[in-house]
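A.B. asks: This is the structure, below, for whatever I ask next.
The values are calculated or read from the model by the stated rules, or taken from the named source; none is laboratory data. This one's a predicted model, so the numbers in the text were calculated from it and none came from an experiment. No Cβ is skipped: glycine too gets one built from the backbone with ideal geometry, and neighbour counts run over all protein chains shown.
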Amino acid sequence: MSNPTLDSDPSHPPTAVAGTREHEQRRHRRLELAVRCWITNERHTLYLRVHDISQGGLSVRAMVPFTPNGAIEVGLELPDGRRVRARGEVVWIRPHASGESGPRMGARFLDFLEGEDDFYALLGNA
């Protein structure tokens with residue numbers, strides 16, 4: 001029996017084996033959006049390519065891997081120039097794989113510091 005996660009939906013239990021890519025349990029629809037992204041932790045501030053984004057978090061291509069469970073601040077510049085800032089937490093890290101431009105990192109948003117309504121409006125219109 002699997003343990004529930006924050007993104008678990010008890011009405012749709014996972015069928016894939018834990019630890020595989022098929023085992024992703026997502027609460028929010030992921031979108032590929034062209035937004036500028038900066039992520040900061042206690043050691044780095046990096047400009048990163050967003051792989052996908054949702055109401056609950058994002059996935060980025062990170063040239064310098066962050067620490068799992070580490071606190072981060074995410075800055076986004078939306079296509080119309082508005083800005084979004086959120087506190088977040090690194091959820092997972094994948095090492096560099098063939099066919100990808102570098103390691104990937106997934107993070108969840110914990111709370112928004114700026115631009116929350118603009119962010120949700122963008123996702124709703126995408």
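A.B. asks: Take the conditions modelled with pLDDT under 95 and buried (at least 18 other Cβ atoms within 10 Å of the Cβ) and apply them to residue 64. Does it pass?
C.D. replies: Working: modelled with pLDDT under 95: yes; buried (at least 18 other Cβ atoms within 10 Å of the Cβ): no.
Spelling it out, it is not the case that residue 64 is modelled with pLDDT under 95 and buried (at least 18 other Cβ atoms within 10 Å of the Cβ).
A.B. asks: Give me the strands (runs of 3 or more DSSP E) completely within region 47-126, filtered to those with at least 1 residues that are under 20 Å from residue 32 (Cβ atoms) and hydroxyl-bearing (Ser, Thr, Tyr), ordered by residue number.
C.D. replies: Numbers: elements: 57-61, 71-77, 83-94, 104-114.
Per the criteria, 57-61.
A.B. asks: Separate question: Which one of these does residue 57 not meet: (1) touching a Phe, Trp or Tyr at 6+ places or on another chain (Cβ under 6 Å); (2) surrounded by fewer than 16 Cβ atoms within 10 Å (Cβ to Cβ)?
C.D. replies: Result: residue 57 fails condition (2) only.
A.B. asks: Now for a different question. For residues in region 35-46 being among the polar types (S, T, N, Q) and in a strand (DSSP E or B), which is surrounded by the fewest Cβ atoms within 10 Å (Cβ to Cβ)? Lay out the reasoning, then the answer.
C.D. replies: Start the filter on region 35-46 by keeping residues that are among the polar types (S, T, N, Q), which leaves 40-41, 45.
If we keep only those that are in a strand (DSSP E or B) too, we end up with 40, 45.
Numbers: 40: 15, 45: 10.
In this case the residue turns out to be 45.
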